[in-house]
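The values are calculated or read from the model by the stated rules, or taken from the named source; none is laboratory data. Bear in mind the structure is a predicted one, so any value in this text is a computation, not a measurement. Ideal geometry is used to build each Cβ from the backbone, glycine not excepted, and the neighbour counts take in all protein chains shown.
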2 protein chains.
Amino acid sequence: MRDVSEALRAFRAEAAILSDLAAAADLLSWDQDTYMPPGAAAGRGEQEATLHALRHGRLTDPAYTGLLDELEASGLDPAGSDHAMVRVARRTASRAGRMPRRLVEELARRTASARVAWAKARSEDRFDLFAPELAAVLELKREEADAVGGGGQRYDALLDEYEPGATAASLAAVFEPLKEEQVALLAAIAGSGVQLSDEMLRRAYPVDAQRRVCEATAASFGYDFRRGRLDVTAHPFAIGIGADDVRITTRYDERFLNPALFGTMHEAGHAMYEQGFAPEFHRTPLAHGASLGIHESQSRLWENLIGRSLPYWEGAFPALRAAFPEALGGEDVESLYAAVNRVESSLIRVEADEVSYNLHILVRFELELALLNGDLAVKDLPAAWNDLYRSYLGITPPSDALGCLQDIHWAVGLVGYFPTYALGNLVSAQLFAAARGALPELDADVRSGDFATLLGWLRSNVHRHGSRYLPAELIRRATGSELDSRHYVDYLKGKYGALYGLA
Amino acid sequence: MRDVSEALRAFRAEAAILSDLAAAADLLSWDQDTYMPPGAAAGRGEQEATLHALRHGRLTDPAYTGLLDELEASGLDPAGSDHAMVRVARRTASRAGRMPRRLVEELARRTASARVAWAKARSEDRFDLFAPELAAVLELKREEADAVGGGGQRYDALLDEYEPGATAASLAAVFEPLKEEQVALLAAIAGSGVQLSDEMLRRAYPVDAQRRVCEATAASFGYDFRRGRLDVTAHPFAIGIGADDVRITTRYDERFLNPALFGTMHEAGHAMYEQGFAPEFHRTPLAHGASLGIHESQSRLWENLIGRSLPYWEGAFPALRAAFPEALGGEDVESLYAAVNRVESSLIRVEADEVSYNLHILVRFELELALLNGDLAVKDLPAAWNDLYRSYLGITPPSDALGCLQDIHWAVGLVGYFPTYALGNLVSAQLFAAARGALPELDADVRSGDFATLLGWLRSNVHRHGSRYLPAELIRRATGSELDSRHYVDYLKGKYGALYGLA
């Protein structure tokens, strides 16, 4: 038997190859969304499939899994990063090894057809066109859950891919009290008699000026353009092609400032997380976010806790007004702050404000859990969806297109994914509260456009660790306590209580 | 033993994987030159090395070479494309298998340091800084030639990588008479008393207008932007990321029209070759040019035989003048035609006109052959270089920076590569003569901006075959005769005799 250091060297060498293969696949994907000529689509699909298959083959190769066996038996220090590296590598290898090839292929085929059916169903507002495809996807996801296993509910097996360590039960325990608070707050705002307008955000915003503002904003936060770039895509995203190359995208609407400005803050938040991984973790299994929820906490923190805060705009508004003199020349910081924080129960998740956003998620969480478990039949989804919107948000979707057909997630097999958006909000507030405790000058720094102290705190407490810690432990280490929705509720109540004159 | 069709299926499946790996590596490379953020360079180098190593491992895997053995023994029809596919695959696999890993690594290290030394030597005009590095590179290239073998001279083993089937002797047989003709023609032009000016090409050419003209020009030739795109890089190139995604780049000089305009024609010529490979060859070893010389014939044909011809400008000049009214408003087509065909013995290969270009190549061919064989010591290179420039071009480089240090090729190990540039010129004229014979309306079509008949002829006779035929056979099939420099000499004499009033 080799000694441990030799096994570790062999493991790191293979992990670096796996990481480079993933990076190449990520570049193929980024390019497909940005600069790839349209006629290349079919060939690109083959190239991506080949790279994924090569990676899958290596992940399930007995030479590699044997190395993991050897390292697991070698008594690595459980507190050390090598131990964590092996844990994360095993998790990925196990999922890859447990999924039968037939199931992987069926899922690929089925989600491809479901995606097409979904797009047609949404555009024609005909749920019946999508229902059989959704039922088939759900059946395959049940098979996936059974194959992956894990000892808990089927939903937990799926959720674990996105949020290691979380379960349906642990989520419900966090979400239930949250729901009550958010429903009550939304109702109080609706009954406050106060109406904030976002009309000023829907004036003429020339795209060139938006681009300059977005670049300057991301750079001011600390997004490193030397190790990243900003491009335009229909659906914005952040993607890491290695930790020294984390790119973001946005989209510009010349009649609405929000998509590009807050979208860029959001994607820059994701990207700064990956740019902050410890250099010694690059090209290892630890060069990933701890979970999608933790990842989302970073995007939401910069987009909302900073980007929609009064101290931020007290500092940043003059430059924004100067960039858009026609739209904002006659406005002041208080009216802008009110405009970017307008609350309104609305039908569409991706346009939702902070107060209602999580409620959109809770609807989806409850429904996908019931669908997967068979407690809700696919045919009954539209009615159940509308019931929950009425109950939580106080509105009824006038159509399925604006209701249960609005998101692509289920069509492409993302079941157990939605909750990570809500977790991101909760964690963002809990981290921000901890940062505020550690950084007494935080508001003043933000007001003066100095984000280095906050970014430094996030680097030390979150970013550099990559996926070394499970989300629950990362939160405990960074904030001193378990995940607790109280921080987010307090944040919402404080901020929106003031904005809407609530008691 | 499997039957042949099963072995062919297995071979094609592996060839598709090899092709996809190469495509991913090509995208990494394209991205590095276009949009990659600067801080990503080190990680990108690792990603590229990993993909090349994976490809090398598969090319030399006994499971793959055994498949080639099996297919070679299976009696495939020698006239069929499957036979050619196996031939090309074997050639690549053999080169990969014969190169010792130590030598590959030493070459990578040495050319990396030689490249740095070369850049410094050139910028400080100090050949002594580069000499020891060049000597070391040459020694490694001798080792490479011995490892690769082939039964001929060392030079032939290196040349064969770029120009399958060619040898130093076969090149010399073609180049010797060519040299005499081109030296004489250049001297006649110098003694003609006629001076053409290219001043009109060095006026103000706004970059935006140049971009539009370049795009329109490439599209008019038949470059398919649905399966390609045009970007900006310091050193222009064409690169195929699969045959449905062949991208080109250019560079804009707002005080000189030539680099972008003729550079785009050149790269579009390369790219149209690859866009024209038969669809059934995609993702196979045949989806490559037959050789670098044949590849260069396509770029030079569009750049020079079309792009610097009178019929072309009789058709295209009005649009060019309209795109650059300030620079060209007062000019006519005859003066433009003269300007783009100005001949002058000059020091720098990449700026050379058609009449002197091949002489730059012949200098390099003779010198690299002598260097590799040990007939010329590295320390004597500058003097030998200057002697040949005096003898062939009638000028003496005033410095090594403008002499033997001007090209990067030898520093990065490209020995046996230069001749393909001259071959490209010769083949372009021979193909064009054959096309003219087959297409009696060619000049009229070109004049009217209709390039479909010419492109169609090239598609049928050159492009679609990919690397199915060796260059010599491809030329024979397309033109009915062996490679013959007469076509190029006739072309030059006819065109420049008229321009310079020679007898």
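For the stretch B:196-205, filtering for residues that are of a type outside the set (A, V, I, L, M) and either under 14 Å from residue B:334 (Cα atoms) or outside any loop (DSSP other than H, G, I, E, B) (or both) leaves 4. Just checking, does the stretch A:188-208 include any residue being under 19 Å from residue A:353 (Cα atoms) and crowded, with 22+ Cβ neighbours inside 10 Å? Checking the stretch A:188-208: at least one residue is under 19 Å from residue A:353 (Cα atoms) and crowded, with 22+ Cβ neighbours inside 10 Å.
The numbered conditions (1) in contact with an Asp or Glu (Cβ under 8 Å, 6 or more places away or on another chain); (2) under 17 Å from residue A:186 (Cβ atoms); (3) surrounded by fewer than 19 Cβ atoms within 10 Å (Cβ to Cβ) are all true for residue A:343 except (3).
Away from every other protein chain (no Cβ under 14 Å), among the aliphatic types (A, V, I, L, M) and buried (at least 18 other Cβ atoms within 10 Å of the Cβ): is that true of residue B:4 in this structure?
So residue B:4 fails the test.
Number of residues in the stretch B:55-103 that are within 27 Å of the chain's Cα centre (by Cα) and of a type in the set (A, V, I, L, M, F, W, C): the value is 10. Determine if the stretch B:367-390 includes at least one residue that is within 20 Å of the chain's Cα centre (by Cα) and within 25 Å of residue B:235 (Cβ to Cβ). Yes, the stretch B:367-390 contains a residue that is within 20 Å of the chain's Cα centre (by Cα) and within 25 Å of residue B:235 (Cβ to Cβ). Residue by residue through the stretch B:281-315, note down the ones that are of a type outside the set (Lys, Arg) and within 14 Å of another protein chain (Cβ to nearest Cβ). Matches in the stretch B:281-315: B:281, B:282, B:284, B:287.
Given the criterion touching a Lys or Arg at 6+ places or on another chain (Cβ under 8 Å) and closer than 17 Å to residue B:107 by Cβ, identify the matching residue among B:139, B:161. Going through B:139, B:161 in turn, the sole match is B:161. Across the stretch A:298-354, the number of residues qualifying as among the charged types (D, E, K, R) and either under 29 Å from the mean Cα position of the chain (by Cα) or under 16 Å from residue A:263 (Cα atoms) (or both) comes to 10.
Rundown of residues vs (1) closer than 26 Å to residue B:274 by Cα; (2) within 11 Å of chain B (Cβ to nearest Cβ); (3) modelled with pLDDT of 95 or more, yes/no style:
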position	(1), (2), (3)
A:23	no, yes, yes
A:51	yes, yes, yes
A:62	no, no, yes
A:77	no, no, yes
A:88	no, no, yes
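The criterion of being under 30 Å from residue A:135 (Cβ atoms), in contact with a Lys or Arg (Cβ under 7 Å, 6 or more places away or on another chain) and not acidic (Asp, Glu) holds for residue A:401. Residues that are crowded, with 20+ Cβ neighbours inside 10 Å and more than 11 Å from every other protein chain (Cβ to nearest Cβ) were ranked within the stretch B:9-21; the one that is farthest from residue B:274 (Cα to Cα) is B:11.
With a requirement of 1 or more residues that are of a type in the set (Phe, Trp, Tyr), the helices (runs of 4 or more DSSP H) lying completely within the stretch B:253-359 that satisfy it span B:258-275, B:310-323, B:333-339.
For (1) outside any loop (DSSP other than H, G, I, E, B); (2) among the acidic types (Asp, Glu); (3) away from chain B (no Cβ under 12 Å), each residue gets a yes or a no:
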site	(1), (2), (3)
A:209	yes, no, yes
A:215	yes, yes, yes
A:220	yes, no, yes
A:223	no, no, no
A:231	yes, yes, no
A:242	no, no, no
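Hey, any hits in the stretch B:30-48 for a residue that's assigned to a helix (DSSP H, G or I), within 14 Å of another protein chain (Cβ to nearest Cβ), under 28 Å from the mean Cα position of the chain (by Cα) and basic (Lys, Arg)? Within the stretch B:30-48, one or more residues are assigned to a helix (DSSP H, G or I), within 14 Å of another protein chain (Cβ to nearest Cβ), under 28 Å from the mean Cα position of the chain (by Cα) and basic (Lys, Arg). In this structure, residue A:320 qualifies as surrounded by fewer than 23 Cβ atoms within 10 Å (Cβ to Cβ) and in contact (Cβ under 8 Å) with a residue 40 or more places away in the chain.
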